[in-house]
Amino acid sequence: INAEPTGPWPGAPLEPTGDGMVDGVGPGSYASRGDTPDVTIDGAPRIVPMRVASDFTIADGDPDPRGMPVLGADGVTGALVADIWVDRSEPQIRFYELEVGSRRVLLPVGLARVNKLRRRIEVGTILGSQFAGVPGLSNPDQVTLAEEDRIYGYYGGGSLYAEPSRTEPL
């Protein structure tokens, strides 16, 4: 564990010893799952980008987030939406694929807010500069169970560790 107890008594809360967004502690914790993708009943990767699942479309009247800027909690643009990842077993959007410099990373759709009026995506858990640190994928067209958990852990860790003021008492 990359953490130390905050006090000398048993059961004291743990505090990360390094980067709380990747140390796997507290809100950034994650399970050690298999490094294989979740699959459909047919054995195909379950969560894939729309460039792979070309039979998926955005419903008429819904905004297409591709090309929208993604802003962090500080209002700074940290990425652009490059693609949408869908769940083939439960037809719904699971992730936005973000372009961060020369990298592509994922943003869980449940942690993002689409602002239709301003044509942008807003994320409250991390800062604009921290999109560059989101864990990457080993395959650009599928996500493994372990990668999914590390991605969720990173954004979850940001809810407490993205900036020092978040760890202080209100």
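Is the shape of segment 85-132 best called rounded, prolate or oblate, per the rule: a/c under 1.5 gives rounded, else a/b larger than b/c gives prolate, else oblate, with a ≥ b ≥ c the square roots of the Cα gyration tensor eigenvalues? Let's see the in-between values first.
Working: a/c = 1.98, a/b = 1.29, b/c = 1.53.
Oblate shape, in that a/c is at least 1.5 and b/c is the bigger or equal ratio.
Using the Cα centre of segment 30-162 as the reference point, and only Cβ charges (+1 on K/R, -1 on D/E), how large is the resulting charge dipole? Debye, rounded to the nearest 20. The partial results should precede the final answer.
On the way: 14 positive and 18 negative charges, 91 e Å.
Rounded to the nearest 20 debye, it is 440 debye.
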Hydrodynamic radius by Kirkwood for segment 32-90, inverse mean 1/r across distinct Cα pairs, in Å, is 13.7 Å
For the chain, the accessible surface attributable to carbon and sulfur atoms (probe 1.4 angstrom, ligands and nucleic acids excluded) amounts in percent to 51 percent
Zone reached by a paramagnetic label modelled 7 Å from Thr36 Cα along Cα→Cβ, restricted to segment 136-161 with backbone N below 13 Å, covers 144-146
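Return the calculated 222 nm mean residue ellipticity for the chain, to the nearest 500 deg cm²/dmol, obtained by summing -39500 (n - 2.57) across DSSP H runs with n ≥ 4 and dividing by the residue count. Intermediate results must be reported in sequence, preceding the final value.
Values: 1 runs with 17 residues, N = 170.
The helix-only estimate for the chain comes to -3500 deg cm²/dmol at 222 nm.
Trypsin sites (Lys or Arg not before Pro), restricted to segment 46-99: which are DSSP loop and have at most 16 other Cβ atoms within 10 Å?
Values: sites: Arg46, Arg51, Arg66, Arg88, Arg94; in loops: Arg46, Arg51, Arg66, Arg88.
Taking segment 46-99 and a limit of 16 other Cβ atoms within 10 Å, the loop trypsin sites (Lys or Arg not before Pro) found are Arg51, Arg66.
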Rounded to the angstrom and largest first, Cα extents along the principal axes for segment 84-170 equal 42, 34, 28
Simple SL model, points at 7 angstrom along Cα→Cβ for Ser89 and Arg66; separation in nm is 2.6 nm
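Can you tell me the relative contact order of segment 86-164? Whole percent, Cα pairs under 8 Å, sequence separation 6 or more. Walk me through the numbers on the way to the answer.
Values: 82 pairs, mean separation 19.0, N = 79.
Relative contact order here is 24 percent.
Relative to the compact globular guide of 2.2 N^0.38 Å, what is the alpha carbon radius of gyration of the chain, as a ratio? Write down the numbers at each step before the final one.
Working: Rg = 17.2 Å, N = 170, 2.2 N^0.38 = 15.5 Å.
Cα-based Rg divided by the globular estimate yields 1.11.
Could you compute the net charge surrounding Gly28? Neighbours are other residues with a C-beta less than 11 Å from the C-beta of Gly28; K and R count +1, D and E count -1.
On the way: positive: Arg150; negative: Asp19, Asp23, Asp149.
Computed value for this residue: -2.
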In nm, the gap between the two label points placed 7 Å beyond Cα toward Cβ at Asp141 and Arg113 is 3.6 nm
Taking Cα atoms, the helix 145-161 axis meets the longest principal axis of the chain at an angle in degrees (rounded to 10) of 50 degrees
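Which value, in Å², gives the accessible area per residue of the chain when a 1.4 Å probe is used on the protein heavy atoms?
Working: 9160 Å² over 170 residues.
Roughly 54 Å² per residue, with all protein chains present.
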Segment 43-59 and segment 127-167 have their Cα centres apart by a whole-number Å value of 22 Å
Distance in nm between Ser102 and Arg51 label points, each 7 Å along Cα→Cβ, equals 1.7 nm
Note on the chain: contact order normalised by length, alpha-carbon pairs under 8 Å, 6 or more apart, percent, works out to 26 percent
Dimensionless Rg/Rh of segment 1-72, both radii on Cα and Rh by Kirkwood, sits at 1.19
Taking alpha-carbon centroids only, segment 70-122 lies from segment 17-36 a number of Å equal to 21 Å
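The values are calculated or read from the model by the stated rules, or taken from the named source; none is laboratory data. These numbers come from a predicted model, not from an experiment. For neighbour counting, all protein chains shown are included, and Cβ atoms are generated from backbone atoms with ideal geometry for every residue, glycine included. Accessible surface areas use protein heavy atoms only, side chains included; no ligands, DNA or RNA. Shrake-Rupley method; radii C 1.70, N 1.55, O 1.52, S 1.80 Å.
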